[in-house]
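**Student:** I am attaching a structure below and will ask some questions about it afterwards.
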Amino acid sequence: MRVHPRSHRGVRALTPSVALGREGDAVVAVSLDEGAVRERVADAADGRGLAAWVSQREARDRPRWVWSDTASWYPRLLEHGVRVERCDDLRLRHRILHHAVTSDAPAHPWDAAPLDAEPAAAPALFEVAPRADESALDDLAATVAEWRAQQELGARAIDPGRMRLLLAAESAGALVAAEMRAAGIPWDARRHDELLTAALGARRAGGLPVRMDEAAAQVREALGDPRASLDSPPKLLRALRSVGVFVDSTSKWELRQHDHPVVAPLLEYKRMARLLAANGWGWLDEWVHEGRFRPVYIPGGVVTGRWASSGGGALQIPRSLREAVRADPGWRIVSADVAQLEPRVLAAMARDERMARAAAGADLYEGVVASGAVSTRAEAKSAVLGAMYGATQGDAGRLVPRLRKVFPDAMELVDAAARTGEDGGVVRTWLGRTSPAPEEAWRQLQSEASGAEASAALVAGARRTARDRGRFTRNFIVQGSAAEWSLAWLADLRLRLTALGAVSEGEAAAASGPAFARRPHLAFFLHDEVLVHTPEAYAEDVATAIRAAADSAGRLLFGEFPIDFPLDVHIERSAAK
DNA sequence: GGAAACGGCGCG
DNA sequence: AAAGCGCGCCGTTTCC
């Protein structure tokens, strides 16, 4: 029986806000609430002094730290083992607020108030990319001014309550991203090497791995050209045509449709070449050090609000290599992913009760079959994805209309988003992230095509780009709202894990490494899945926390609307020895 | 000779 | 040469 940790949601009358910024050669803190109490923190170059001061203040009253940019402030703290509970990342918030308040977005069914379209004064200093002068961004006066401007912008959002949630979730995500980079993904380089050898054959200096070489030889044999180039699409295309394989590209989906002796070995070669180039031994040498892969996560890096990553292809690790992720001895990896997150979010956003009923089980697609819309799970999946992506042709295009009959509310929501996009408007996610407005060139094309003189080709081209944009906005509201659910899940889980780890403080003190990495901690996040690295003793508690966080996220976004977010949770064994 | 575009493919 | 969204990265080709 374990003593239950102190709740991480303890009621606090007031969370103080404390801005950190540079003033000359010093870092200075200012209380933003009342009295504007100022305190010199440390020399700007003194990371240890900064961390010590923040740590002390964090312990005292856990303020909300207001800083220009988590990616530039927080790693310095983490380096010295100091974590903070919450922050306002002004740079990330700026991007959301600026778009939200200055856009000409038409009202949505869930909007609480008409949009105030008066353009906001937005200091160029906080524009997201690229930053010319890093030190200017950290300036204390600029930080405080930006924070005050953001308080006003936030109050002018269409739904200030939802906007507050979104801004808080975005900033919490920034903390998670920095912490996950600091902690790294436990990566078993030996296992990775074994997997590569099994897939590609033995590694050979100055040449291709054995099995790749063999596949290449088979391809060249079938092409009747011992020197055929396999890595150059144009040359390969010509070689294929010369032996009667009349393809229009060398992509695998097209090759697969041909029955020729070259096809099988070529597909095998391409599969191996891809693995070698993207995640081969070179990748291992470059990205895995001391048993950790440390990708750079970029919160809000995708227009929809999803995260992007930079370096190491963290968001594209092939499934076949996931086995190389191994907990440290005595630890466990707890993995969890959400089943069909996006259609569930769509059902909840649209308040579509019939679609929610179809989602009631663990498998939404089976629920769609049970609704009578389609007859197989494969059809259900194709139709649902097609509905969210805007399919018009093929199987999906044929099936989508059936969904319209069964789930009219959900379908009307995405159809309306598509119409808005085609007309050049902007759309918003559930919590209020606004899609980018169309480029001037796009507007220009549409207006030229609507003129009396417009050629048929011009009209057709304009129509096509309008449809392209419609598919983008259609998907934006779903992908972006799903990303918000995920952020809420992540933020809530982060606090639950901290609370869990707090009870193990004593035993953890003996271990080595940064304090936060000795507790259960997030190690990886990819759109709708997480990995938590945890001491073995907490594995079950972590699994429970992950589920509880998913329930919280669902309620936070969608209240009592009857939608659930079933998870696939696994506790994985650690590396042998 | 280097930057940008392209084809291709991994992930959700 | 995807149909049907969003990414990052690789090797090659094309452009300047």
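**Student:** Got a sec? Charge dipole of chain A, +1 on Cβ for Lys and Arg, -1 for Asp and Glu; which of A:Thr15, A:Phe524, A:Val262 is way out at the positive end?
**Tutor:** A:Val262
**Student:** What translational diffusion coefficient, to the nearest whole µm²/s, does the stretch A:247-290 have by Stokes-Einstein, given a Kirkwood radius computed over alpha-carbon pairs, a temperature of 37 °C and 0.692 mPa s viscosity?
**Tutor:** Values: Rh = 12.1 Å.
Here the translational diffusion coefficient equals 272 µm²/s.
**Student:** Can you check what the Kirkwood hydrodynamic radius comes to for the stretch A:342-480, Cα pairs only, in Å to one decimal?
**Tutor:** On the way: mean 1/r = 0.0633 Å⁻¹.
With all distinct Cα pairs of the stretch A:342-480 included, I get 15.8 Å.
**Student:** Something else now. Rounded to two decimals, what ratio of Rg to Rh does the stretch A:142-287 give with C-alpha atoms and a Kirkwood Rh? Each step should come with its number before you reach the end.
**Tutor:** Values: Rg = 25.2 Å, Rh = 19.7 Å.
For the stretch A:142-287, the value is 1.28.
**Student:** OK, next. Sort largest first and round to whole Å: the equivalent ellipsoid semi-axes of the stretch A:208-326, each the square root of five times a Cα gyration tensor eigenvalue. Provide the component values of the computation, followed by the final result.
**Tutor:** Values: eigenvalues 228, 66, 25 Å².
Ellipsoid semi-axes (Å, largest first): 34, 18, 11.
**Student:** Give me, ordered by chain and number, the residues 5 or more places off A:Ala523 or on other chains with an amide H under 5 Å from its own placed amide H.
**Tutor:** A:Leu531, A:Val532, A:His533
**Student:** I've got another one for you. Less than 14 Å apart at the alpha-carbon level, and either on another chain or at least 8 residues along: which aspartates and glutamates does that give for A:Lys252?
**Tutor:** Correct list for A:Lys252: A:Asp231, A:Glu268.
**Student:** Please give the peptides A:152-161, A:324-333, A:249-258, A:53-62 ranked by average Cβ packing (other Cβ atoms within 10 Å per residue), highest first, as a rough proxy for protection. Please report the intermediate quantities before stating the final value.
**Tutor:** Details: A:152-161: 17.4, A:324-333: 19.7, A:249-258: 12.7, A:53-62: 15.2.
Result, highest mean first: A:324-333, A:152-161, A:53-62, A:249-258.
**Student:** I need the GluC sites (Glu not before Pro) found in the stretch A:430-488, filtered to DSSP loop residues with at most 16 other beta carbons within 10 Å of theirs. Please list the in-between numbers first.
**Tutor:** Values: sites: A:Glu439, A:Glu440, A:Glu448, A:Glu453, A:Glu484; in loops: A:Glu439, A:Glu453.
Of the GluC sites (Glu not before Pro), the ones in loops of the stretch A:430-488 whose Cβ has at most 16 other Cβ atoms within 10 Å are A:Glu439, A:Glu453.
**Student:** A follow-up question, please. Rounded to the nearest 500, what is chain A's calculated 222 nm mean residue ellipticity when only DSSP H runs of at least 4 contribute -39500 (n - 2.57) each, over all residues? List each step's numbers first, then the result.
**Tutor:** Details: 22 runs with 290 residues, N = 577.
Value at 222 nm, helices only, nearest 500: -16000 deg cm²/dmol.
**Student:** Could you list A:Met411, A:Met272 in order of exposure, starting from the residue whose Cβ has the fewest other Cβ atoms within 10 Å?
**Tutor:** Listed from fewest to most nearby Cβ atoms, that is A:Met411, A:Met272.
**Student:** To continue, here is another question. About the Cα centre, and with charges only on the beta carbon of Lys, Arg (+1) and Asp, Glu (-1), how big is the dipole of the stretch A:190-284? Nearest 20 debye, please.
**Tutor:** Details: 15 positive and 11 negative charges, 48 e Å.
Roughly 220 debye for the stretch A:190-284.
**Student:** Based on the alpha carbon coordinates of chain A, what radius of gyration and maximum Cα-Cα distance (Dmax) apply, in Å?
**Tutor:** That works out to 26.4, 83 Å for Rg and Dmax.
**Student:** Take each of the peptides A:339-347, A:392-400, average the number of other beta-carbon atoms within 10 Å over its residues, and list them starting from the highest. Walk me through the numbers before you get to the answer.
**Tutor:** On the way: A:339-347: 24.4, A:392-400: 15.0.
Highest-to-lowest ranking by the protection proxy: A:339-347, A:392-400.
**Student:** Picking from A:Leu97, A:Ser382, A:Ser450, whose Cα lies most toward the positive end of the charge dipole for chain A (charges on Cβ: Lys, Arg +1; Asp, Glu -1)?
**Tutor:** Of the options given, the answer is A:Ser382.
**Student:** Separation of the stretch A:266-320 and the stretch A:442-489 by C-alpha centroid, Å?
**Tutor:** What the calculation gives is 30 Å, centre to centre.
**Student:** Here is a follow-up. Need the list of aspartates and glutamates near A:Lys235 for cross-linking: C-alpha distance under 15 angstrom, and skip anything on the same chain fewer than eight residues off.
**Tutor:** A:Asp225, A:Asp248
**Student:** With a 10 Å radius around each residue's Cβ, average the other Cβ atoms per peptide and rank A:80-90, A:196-206, A:217-227, highest first.
**Tutor:** Numbers: A:80-90: 21.2, A:196-206: 13.5, A:217-227: 15.5.
Ranked by mean Cβ neighbours within 10 Å, highest first: A:80-90, A:217-227, A:196-206.
**Student:** Roughly how big is chain A's charge dipole about its Cα centre, with Cβ charges of +1 (Lys, Arg) and -1 (Asp, Glu), in debye to the nearest 20?
**Tutor:** 1140
Here, each number is a calculation from the coordinates, and none is a lab measurement. Keep in mind it's a predicted model, so treat the numbers as computed, not measured. FYI the Cβ positions are ideal-geometry reconstructions off the backbone, even for glycines, and counts take in every protein chain you see.
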